[in-house]
Amino acid sequence: MLKRWSWLSILFIFIDQISKHLAETLLEINHPVHILPSFNLTLTYNTGAAFSLLAEAGGWQRWFFLDLGLMVSIGLVFWMQHLKSRDRWLAAALALILAGAVGNLIDRFCIGKVVDFIDFYYDLWHFPVFNIADVAINIGGILLVADSIHSKQANA
């Protein structure tokens with residue numbers, strides 16, 4: 001299943017890296033560009049994990065998250081290699097999670113931090129700024145949960 005679904009991972013990695021390059025080229029750090037009500041493009045960098053977890057940890061977290069992301073990516077590849085052809089939704093979920101992990105791994109390896117630029121907000125409250133890799137991981141996670149629920153119902 002890995003060969004069959006690798007196109008989805010490659011597509012999202014490509015979109016993620018191109019969008020991050022455009023964000024770094026066209027945006028100024030921490031200067032929001034208003035797009036729609038409650039939506040800005042705002043260039044930020046995250047040295048931590050999701051929601052800036054460990055962002056102020058002093059630098060060691062770069063190597064920790066690089067190692068963790070690499071291990072997760074390798075695990076996802078092995079998992080995908082052992083899927084059956086009927087596991088389409090699971091394969092799509094894993095391909096998206098893999099794309100997001102690799103997209104953020106590329107940033108951590110090349111520049112030591114993750115490029116974020118998608119900024120949703122309401123009034124003065126801002127959701128943490130994120131990127132296309134994060135979108136892929138979240139969509140993949142939702143598909144993973146949906147596939148798990150569907151599999152349990154099918155086996156009941």
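In the set (1) free of Cβ contacts under 8 Å to residues at least 40 places away in the same chain; (2) under 11 Å from Ala136 (Cα atoms); (3) of a type in the set (Val, Ile, Thr), the condition left unmet by Ile97 is number (1).
Among the residues of segment 128-140, is there at least one that is of a type in the set (Val, Ile, Thr), surrounded by fewer than 20 Cβ atoms within 10 Å (Cβ to Cβ), in a helix (DSSP H, G or I) and more than 10 Å from the chain's Cα centre (by Cα)?
Keep residues of segment 128-140 that are of a type in the set (Val, Ile, Thr), which gives 129, 132, 135, 137, 139.
Now drop any that are not surrounded by fewer than 20 Cβ atoms within 10 Å (Cβ to Cβ), which leaves 135, 139.
Those left that are additionally in a helix (DSSP H, G or I): 135, 139.
Those still in the list that are more than 10 Å from the chain's Cα centre (by Cα) too: none.
No, segment 128-140 contains no residue that is of a type in the set (Val, Ile, Thr), surrounded by fewer than 20 Cβ atoms within 10 Å (Cβ to Cβ), in a helix (DSSP H, G or I) and more than 10 Å from the chain's Cα centre (by Cα).
Could you go through segment 112-125 and let me know if any residue there is closer than 22 Å to Leu11 by Cα, free of Cβ contacts under 8 Å to residues at least 60 places away in the same chain and not basic (Lys, Arg). Scanning segment 112-125, I find no residue that is closer than 22 Å to Leu11 by Cα, free of Cβ contacts under 8 Å to residues at least 60 places away in the same chain and not basic (Lys, Arg), so the answer is no.
Taken together, the values in this text are just the output of simple stated rules run on the coordinates, not laboratory data. Quantities reported herein were computed from a predicted structural model and do not represent experimental measurements. Cβ atoms come from the backbone with ideal geometry, glycine included; neighbour counts cover every protein chain shown.
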